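Encoded as structure tokens, the structure appears first; notes follow it.
The values are calculated or read from the model by the stated rules, or taken from the named source; none is laboratory data. The structure displayed is predicted, hence computed values, not measured ones. When we count neighbours, we look across all protein chains shown, and the Cβ atoms used for this are built from the backbone with ideal geometry, even at glycine.
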Ligand SMILES: Nc1ncnc2c1ncn2[C@@H]1O[C@H](COP(=O)(O)OP(=O)(O)O)[C@@H](O)[C@H]1O
Ligand SMILES: Nc1ncnc2c1ncn2[C@@H]1O[C@H](COP(=O)(O)OP(=O)(O)O)[C@@H](O)[C@H]1O
Ligand SMILES: Nc1ncnc2c1ncn2[C@@H]1O[C@H](COP(=O)(O)OP(=O)(O)O)[C@@H](O)[C@H]1O
């Protein structure tokens, strides 16, 4: 039975999650140098185009097509072709909301996940190659992991792991792919003195859109306008708030200043961490989730600087560490007698396996994709030296972000 | 009977559609030169003020006031005065949603339509004259066409034409008015070398807000939180996605670069084209609608450069061609056995007549309004040479968009 | 009984109200000089972190914890500790919406109110001191006044005053605190020639987000997706529209130009004024509310320039005068036979007392807080001369808002 | 060699650059500035759209080019003609400053003097 | 004629411009730059709010005015007085460079030399 | 004293500044400009993503430093080496202009001449 209130809420939640992708575009775009802002924004924006199409045509079916149980358990790993082109996905029938609305809501998750990766290789990844990467990655990495965790016959769901809104599927997955991509594309040129964000207001604008959009992401993931949504909404807000303040205060005591970019990063870290947990922790638990996220991700950003890997916008430190912490944290703080606080460790073990599986598969599959793309003539991962120096906006997109009067 | 889920959704949809107008302001504002960005933004923003008032006082009544059938069929062409000042428009009674909520939702359409026109005459149209134009155009052009197409006794509705969310009323109508206005106000000074957008991130921000807002525009037009809304939401997203990618790829193969502004324009073209069709095409049909929009509007932008008419931001090429294509496309791809794909041509013929009528009336009526305004002492369409050279921000609004420190 | 449609709407309304705070950040951020934009944005953004935590832990309980009536009527002035940490605040039970959703919705109001204050002391208030101020002010000023006006046993509610969505609690309260803070922190340096907004598009972006967010603020305050929400939505839009046009036209006739910042300020003034009235006036009444707001606040801004108090972004002139006018206007235009237009003066007298009480308490309590903070070693209200001259972005946050390429 | 520095209206930049190239300049550099000559200035709003204040300075663009001494008059004439706004009676059209440059180096090749122009 | 080029703190621009006009300058041009003298610089965050890095260069504003030789000392004195920050002991107050200008042209009229200033 | 004005690629600014300091410059000032030398320029989109137009001018950065005459060659050499892009065959690497400065004043102290550098 369809409930119009739930339909209303999930329609809005879908719009909010879609809006997160341009939000991310501005968050990332503000962090890079001015000559690469269009490029960085486009990595995210074009995902709204490309991944929508993939998802409609085959992505949703691969992720959520569940056939009759087969002998070898193949269905535990990947969906079937029943829903190609949203065939037989009803716009009017479903459980609380129409099936098509679920498919649309999930589309928005598939859009933002690869966009998250782009922060790692920003300012140097070739745009045409990225378009191919998008298609390959969503098909070969995102859809399978999504199936494992969220499809009714997915094996990770089967072991009792809890990932309410995408700690493994979205964040850990993207973060692992990010670190791999940053490694294979190599370090940026001319960043020895560090890169100051070229437009901090854009970073804050992006963070604000992400924060608001995340209400759709998490509070929509219960697929109904009910108490679960209300609780998820609250804990999402609290984790963001606590992590933002935590990062800010650590930064203040560490450096003497509370950076706006840091506070925004803290908020995002908190939002990442609460994602797998939003349906299962209460208000006080969310404070713990947020505090851990703010502190751990701050430390992770600092440790990452010791690596040779130029994860330009710290995707792994924020989404990877934040996602892993969230997956553990839900097993600690979960209400209903399944959390470590109640002496139960099964969930922790299940989530641990889920995290390891996600990291392992994403790392291997993404690496294979990248190595192949690097070798395809005419593609290749990296723009040329001149292209990078002059900026990807001009060299990849034929545009300058900001043009002053008189100076055309 | 009022359904609270539908009320919730249409409240949100109304907010989303209103948000499209500042979205458009940023989309257009980023495309002009930095000395005209406030002016361009204000053309849209002030519409939120002026048209809200007109719509409340008399616009809604002219558009949707339906009296008893009169002898000469006058009611087929224009509404009556029953709803002046929203008199007798109930906040609590209605069919699914209260009548007042319908009136509010429609108000947001009336606000954005004239704002769309402004892209054509940006960077030179006199602001005070524009205020008068707004009042005249909404009253004399928008309200009648709106009545024809959407009022229960409108003649275009009567001939069986389908315009789900405003292909004729909003887009074709605005685009025709745009080309007329661009013609009468004349070409801009100092644009021989082409105008590079002064702030591409603003263009993308605007496009993102438009994309999200369009979910309210289209998925709200069924006035309920139901399967029609879900389908409209999906096809809206798909058309935008396909058209964005189509425009981007054509541009890439044509020029060697995939411009961000182009991709954003493609998305908008797709959104325009799906507008009349969102309630009547399925997921696969929406791919066709989007593909046609991306390709046709790209070509149209290029052909427009051959004209002497300086439609500065290509309103006609995107909203005119996109709207016409959408009105045809719905007749091609419509589900339920009424589309050309099912061998039915009646809808095509009805929509063809609707398009021609809209173009004809809008062209004539807008031209008359412009010619009169041009002759009224103290008004006139165009700012002076010095005003245009120094920029409309300073000369019309007494403001500079960006002020650097030390430099006041 | 929970209604899913209302839950859907109030979830969205909560998200919209939260989004107003970054909207305000951009509105204020655009108005200051470029060297203080991060600082100004952060005053608002950090409130999303700090006040969320306070509200969860004790703020909500102080504001809405209602115990059994005590002998001395203490409960009329402040809540009890029943809801500390949202203990016993149900996510599933409530009247139309779950209690927890009400608590979340109210959280968003508590976040934006202190952020409104910051416009008065922008460009010079010390950030660390501000963090302490946030905690103290929300606890000692906001929570009590919120209790008086909105808790079921609050004394202002008891005298029959009407404040639908926060004219006294939010706007007058913040405005009075603002003028006190501006007075005690002292005038800015180097502003003799007036300060031109450094980024007018940001101001408009902020105003647009505020306008849209205000639909959640006002139309959500009825806590249901019903006719009250629909009416509140409409009158909110109309007051903003009329006030924007009114301010614009007065400015045009007064100075010869219609400033974009002025129009945006007018819209905000209208939104402020309709806030206490949105549930009680009809469409035509809202025109009166908006007109008064536009005219009175315009005059107030001009008179404020004669004061020695450097209320940098005119918080008192807009939110104070607008809020007072709104509280009076609801008593004039209220429908249902309780307004002055129907010859009833009781509401006017009740609202007058509410306004006076709010002004008095806010002024005294804020002053005490400020004087104490100014004397605490290591805190103090004002940044040093060098910090202020170089800009608060660099000196308080270690960041520059805009960094050009080549120039790191 | 001499440096010719022209302060012109932003909207005249393109014609001036074109005229410079036509007059034989080897290169040019330009940037946006704010300035005041005999020009009146404008009124702008300050604060929250409330107050109107006078600003004598106006946005301008500085274009400089370094040329051989022999081209001085030709370049000056080209700039003057191209920079003048229609009608030519309005103040604010700009000013040209000429000064001496003692040496030029082309970075790419290390060439010095007029050959490096 | 001489060109007086002052690099000053952005927040001192208005007083310096006023002082220049009072000292008899006919016009001025200014633009924002970044620079470093003896000044210490600042610490800024880089990346995602994580790392703190030193930047020796600070935002400054260059103001230049071309005047008759006779006004040189008066203008320099005016600038020095107006550009100094309170207390006058802090480094970073700026520097003034003086150089020779061989010719000036007023675009509007084509006038040359001191009369064109 | 002389003024050394280098127009360089924006991405070479940091190495050039470092090289200048190493070569004994007392300070420097830089700002972003647009310019054209022998360089080809780029194609950019105009309008609504439709048309491709040629722009000969490219973003550059001007760095200027005033030094004692004796340091002229050292500074030029330092700039040339640091400003050259990898390979050194590409046009657009920039240009250096040298001119005479007659006086320098330190605002803070009022010192004049070389001591004020
Ligand atoms: N003496 C001067 N020194 C420096 N810049 C000047 C001087 N005179 C004019 N300028 C610059 O030239 C610009 C144009 O001056 P303008 O008002 O056209 O002078 P006029 O009207 O006397 O020709 C000014 O905005 C300023 O930037
Ligand atoms: N030798 C120089 N060459 C070019 N610019 C200089 C030089 N010395 C100083 N400047 C400019 O002047 C500004 C102010 O210098 P400052 O630090 O105040 O010098 P000091 O403290 O020695 O007076 C610097 O930021 C720089 O832009
Ligand atoms: N004669 C000149 N006058 C002024 N600026 C010049 C001149 N020649 C070159 N420039 C500046 O130097 C920059 C780099 O020039 P570039 O193209 O590298 O010259 P080349 O290739 O001949 O060395 C140009 O973009 C321009 O800003």
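Looking at the structure I just gave you, is residue F:65 within 16 Å of ligand 2 (Cβ to nearest atom) and either within 10 Å of the chain's Cα centre (by Cα) or closer than 26 Å to residue A:404 by Cβ (or both)? Criteria met by residue F:65.
Take residue B:259 and decide whether it is in contact with a strand residue (DSSP E or B) (Cβ under 9 Å, 6 or more places away or on another chain) and under 22 Å from residue B:212 (Cα atoms). When the stated conditions are applied, residue B:259 passes them. In the set B:202, B:184, B:133, only one residue is touching a helix residue (DSSP H, G or I) at 6+ places or on another chain (Cβ under 7 Å), in contact (Cβ under 8 Å) with a residue 40 or more places away in the chain, within 14 Å of another protein chain (Cβ to nearest Cβ) and part of a helix (DSSP H, G or I); that residue is B:202.
Taking the condition without any contact (Cβ under 8 Å) to a residue 24 or more places away in the chain and farther than 30 Å from residue E:17 by Cα, does residue B:403 pass? No. When the range A:145-181 is filtered for residues that are in a loop (DSSP other than H, G, I, E, B) and either over 11 Å from the mean Cα position of the chain (by Cα) or under 30 Å from residue F:10 (Cβ atoms) (or both), the ones remaining, listed by number, are A:151, A:152, A:153, A:154, A:159, A:160, A:161, A:162, A:163, A:164. Suppose we filter B:185, B:195 for residues that are in contact with a strand residue (DSSP E or B) (Cβ under 8 Å, 6 or more places away or on another chain) and modelled with pLDDT under 95; which single one remains? Answer to the selection: B:195. Checking each residue in the range B:1-25 for being within 15 Å of the chain's Cα centre (by Cα) and farther than 15 Å from residue C:237 by Cα picks out B:23, B:24, B:25. When we screen C:312, C:225 for residues that are part of a loop (DSSP other than H, G, I, E, B), surrounded by 24 or more Cβ atoms within 10 Å (Cβ to Cβ) and facing another protein chain (nearest Cβ under 7 Å), the only hit is C:225. Which residues, counting only those in the range F:1-29, are within 16 Å of ligand 3 (Cβ to nearest atom), touching a helix residue (DSSP H, G or I) at 6+ places or on another chain (Cβ under 6 Å) and at pLDDT 95 or above? Answer for the range F:1-29, where residues must be within 16 Å of ligand 3 (Cβ to nearest atom), touching a helix residue (DSSP H, G or I) at 6+ places or on another chain (Cβ under 6 Å) and at pLDDT 95 or above: F:4, F:6, F:8, F:16. Taking the range F:55-72 as the range and being facing another protein chain (nearest Cβ under 9 Å), without any contact (Cβ under 8 Å) to a residue 60 or more places away in the chain and either part of a strand (DSSP E or B) or out of contact with any strand residue (DSSP E or B) (no Cβ under 6 Å at 6 or more places or on another chain) (or both) as the test, the residues that pass are F:55, F:58, F:59, F:60, F:61, F:62.
Going by the conditions given, is residue B:299 assigned to a helix (DSSP H, G or I) and out of contact with any helix residue (DSSP H, G or I) (no Cβ under 8 Å at 6 or more places or on another chain)? Yes. Residue check: residue D:23 meets all listed conditions (1) closer than 21 Å to residue F:55 by Cβ; (2) within 14 Å of the chain's Cα centre (by Cα) but one, namely (2). Return a yes/no flag: does the range D:36-44 have any residue that is away from ligand 1 (no atom under 12 Å from the Cβ), at pLDDT 95 or above and touching a strand residue (DSSP E or B) at 6+ places or on another chain (Cβ under 8 Å). No, the range D:36-44 contains no residue that is away from ligand 1 (no atom under 12 Å from the Cβ), at pLDDT 95 or above and touching a strand residue (DSSP E or B) at 6+ places or on another chain (Cβ under 8 Å). No other residue among F:91, F:96 is surrounded by 16 or more Cβ atoms within 10 Å (Cβ to Cβ) and either over 30 Å from residue B:306 (Cα atoms) or away from ligand 1 (no atom under 16 Å from the Cβ) (or both) apart from F:96. Can you tell me which of A:265, A:251 is within 13 Å of chain E (Cβ to nearest Cβ) and within 20 Å of the chain's Cα centre (by Cα)? Being within 13 Å of chain E (Cβ to nearest Cβ) and within 20 Å of the chain's Cα centre (by Cα) holds for just one of A:265, A:251, which is A:265.
Within the range A:250-282, the set of residues being surrounded by fewer than 21 Cβ atoms within 10 Å (Cβ to Cβ) and in a helix (DSSP H, G or I) comprises A:250, A:252, A:253, A:254, A:255.
Taken over the range B:36-50, the residue count meeting the criterion of being in contact with a helix residue (DSSP H, G or I) (Cβ under 6 Å, 6 or more places away or on another chain) and either at the interface with another protein chain (Cβ under 7 Å from one of its Cβ atoms) or over 24 Å from residue B:395 (Cα atoms) (or both) is 8.
Residues considered: B:326, B:378. Of these, the only one that is out of contact with any strand residue (DSSP E or B) (no Cβ under 8 Å at 6 or more places or on another chain) and outside any loop (DSSP other than H, G, I, E, B) is B:326.
Scanning the range F:18-54 for residues that are facing another protein chain (nearest Cβ under 8 Å), touching a residue at least 24 places away in the same chain (Cβ under 8 Å) and away from ligand 2 (no atom under 11 Å from the Cβ) yields a total of 6. Residues that are away from every other protein chain (no Cβ under 11 Å), touching a strand residue (DSSP E or B) at 6+ places or on another chain (Cβ under 6 Å) and not in a helix (DSSP H, G or I): does the range C:101-124 have at least one? Yes - at least one qualifying residue is present in the range C:101-124.
Right, residue A:94: surrounded by fewer than 24 Cβ atoms within 10 Å (Cβ to Cβ) and not in a loop (DSSP other than H, G, I, E, B) or not? So residue A:94 does not fit the description; no. Here A:176, A:200 are screened, and the one residue that is surrounded by 24 or more Cβ atoms within 10 Å (Cβ to Cβ) and within 29 Å of residue A:79 (Cα to Cα) is A:176. Scanning the range F:37-54 for residues being in a loop (DSSP other than H, G, I, E, B) and touching a helix residue (DSSP H, G or I) at 6+ places or on another chain (Cβ under 7 Å) gives a total of 3. Within the range E:95-114, residues that are in a loop (DSSP other than H, G, I, E, B) sit with their Cβ atoms under 7 Å from residues that are within 16 Å of ligand 2 (Cβ to nearest atom), at 6+ positions apart or across chains, in these pairs: E:101/E:3. In the set (1) under 21 Å from residue F:94 (Cα atoms); (2) within 16 Å of ligand 1 (Cβ to nearest atom); (3) in contact (Cβ under 8 Å) with a residue 60 or more places away in the chain; (4) facing another protein chain (nearest Cβ under 7 Å), residue D:76 fails one condition alone, (1).
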